[in-house]
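A.B. asks: I'd like to ask you about the structure that follows.
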Amino acid sequence: MTRTVEFAGTTAVVTGGASGIGRGLARALLGAGCRVVIADVDEAALATTARELGVLGVRTDVTDPDSVAALADRAVAEYGEVHVVCNNAGVGPFGPVSRLGLDDWRWVLDVNLHGVVHGISAFLPVLERNPDWGHIVNTSSMSVLVTPPNVAPYVASKAAVLAMSEVLAAELAEAGSRVGVTVLLPGAVHSNIKASLRSRPATSGSGLYDVDLAETGRLRFIEPDEVGAMVVDAVRDDELYVLTHGEFRDQAAARAARVQA
Ligand code: NAD
């Protein structure tokens, strides 16, 4: 399906938009001409970033479907439509599988997987109302391709997001929908994600292990604004995959060939 994407005058919503990659996505979409709404559970960071960027910030907990539905209602009430939703909020407890508890698994799946599901449920009907186009961007992770140690729940959640996005893209294409899907696989990006280790309620007693992503030794760190620019291009070109590190393009191309076969 070919389509023409005009960003000017459209609205984009970014979850986890208060910091890191979400902030980079918001800045890039603003630069492309969108009105932007950022959503985040961290109220202080949300207020700061919304003020800095001059955009609407809506306090949202992506683990709560009602909260995400209220975000969609607010965006539509404010701007009348939404063309792009970036389901980007994410967290990551670190530690070997043998030491992580069920609470770690539930927490990370709730935010990283169910948060994306809630975003799709709340926004797909809104995107489908557009006469021209709409786009869903789901943040997975390069970790699903390199499977580093100490992040099993995280990698599992991100693998699920990748697979779910591929299924969604196929379903929408088959239905003749004008809504496209992009799945973003960041490598190592400068952000605050390790701070999430401290915000998880310490209920499991399993202990958390801070592992520097750079220890994998396979990725150089890039900036959130670079990721934002790649995503804007992907939305414009209706691309399914965005890999932030070129060295993994062969793996993605092989996967794309398999999925599209
Ligand atoms: P970050 O911590 O800077 O940003 C994540 C944002 O999500 C934070 O502002 C946080 O408050 C918000 N958030 C957490 N739980 C939430 C909830 N329940 N509801 C709403 N907002 C919530 O980290 P980041 O690196 O920018 O992460 C953004 C996304 O990119 C995540 O999905 C992450 O898994 C993914 N990612 C990051 C990297 C990296 O190297 N930084 C690599 C691969 C994937």
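A.B. asks: Kindly indicate whether residue 122 is among the hydrophobic types (A, V, I, L, M, F, W, C), within 14 Å of the ligand (Cβ to nearest atom) and closer than 18 Å to residue 12 by Cα.
C.D. replies: Here the answer is yes, as residue 122 does meet what is asked.
A.B. asks: Of everything in region 133-165, what is modelled with pLDDT of 95 or more and assigned to a helix (DSSP H, G or I)? Give them in sequence order.
C.D. replies: 156, 157, 158, 159, 160, 161, 162, 163, 164, 165
A.B. asks: While we're on this one: For the subset of region 138-175 comprising residues that are of a type in the set (Val, Ile, Thr) and within 11 Å of the ligand (Cβ to nearest atom), which member is surrounded by the most Cβ atoms within 10 Å (Cβ to Cβ)?
C.D. replies: Among residues in region 138-175 that are of a type in the set (Val, Ile, Thr) and within 11 Å of the ligand (Cβ to nearest atom), the one surrounded by the most Cβ atoms within 10 Å (Cβ to Cβ) is 139.
A.B. asks: If a residue must be within 9 Å of the ligand (Cβ to nearest atom), more than 13 Å from residue 86 (Cβ to Cβ) and part of a helix (DSSP H, G or I), how many such residues does region 24-45 contain?
C.D. replies: Residues that pass the stated criteria total 1.
A.B. asks: Something else: Only one of 191, 196 is within 12 Å of the ligand (Cβ to nearest atom), at pLDDT below 95, outside any loop (DSSP other than H, G, I, E, B) and crowded, with 16+ Cβ neighbours inside 10 Å. Can you tell me which?
C.D. replies: Checking each option against the conditions leaves just 196.
A.B. asks: Kindly indicate whether residue 60 is out of contact with any Gly (no Cβ under 7 Å at 6 or more places or on another chain) and away from the ligand (no atom under 14 Å from the Cβ).
C.D. replies: Criteria not met by residue 60.
A.B. asks: Can you confirm whether residue 48 is of a type outside the set (A, V, I, L, M), within 11 Å of the ligand (Cβ to nearest atom) and free of Cβ contacts under 8 Å to residues at least 60 places away in the same chain?
C.D. replies: Spelling it out, residue 48 is indeed of a type outside the set (A, V, I, L, M), within 11 Å of the ligand (Cβ to nearest atom) and free of Cβ contacts under 8 Å to residues at least 60 places away in the same chain.
A.B. asks: So residue 108 ticks every box in (1) outside any helix (DSSP H, G or I); (2) buried (at least 24 other Cβ atoms within 10 Å of the Cβ) but one. Which box is left unticked?
C.D. replies: For residue 108, the exception is condition (1).
The values are calculated or read from the model by the stated rules, or taken from the named source; none is laboratory data. The shown structure was predicted, so the numbers you read here are calculated from the model rather than taken from an experiment. Cβ sites come from the backbone with ideal geometry, for glycine too, and all protein chains shown count toward neighbours.
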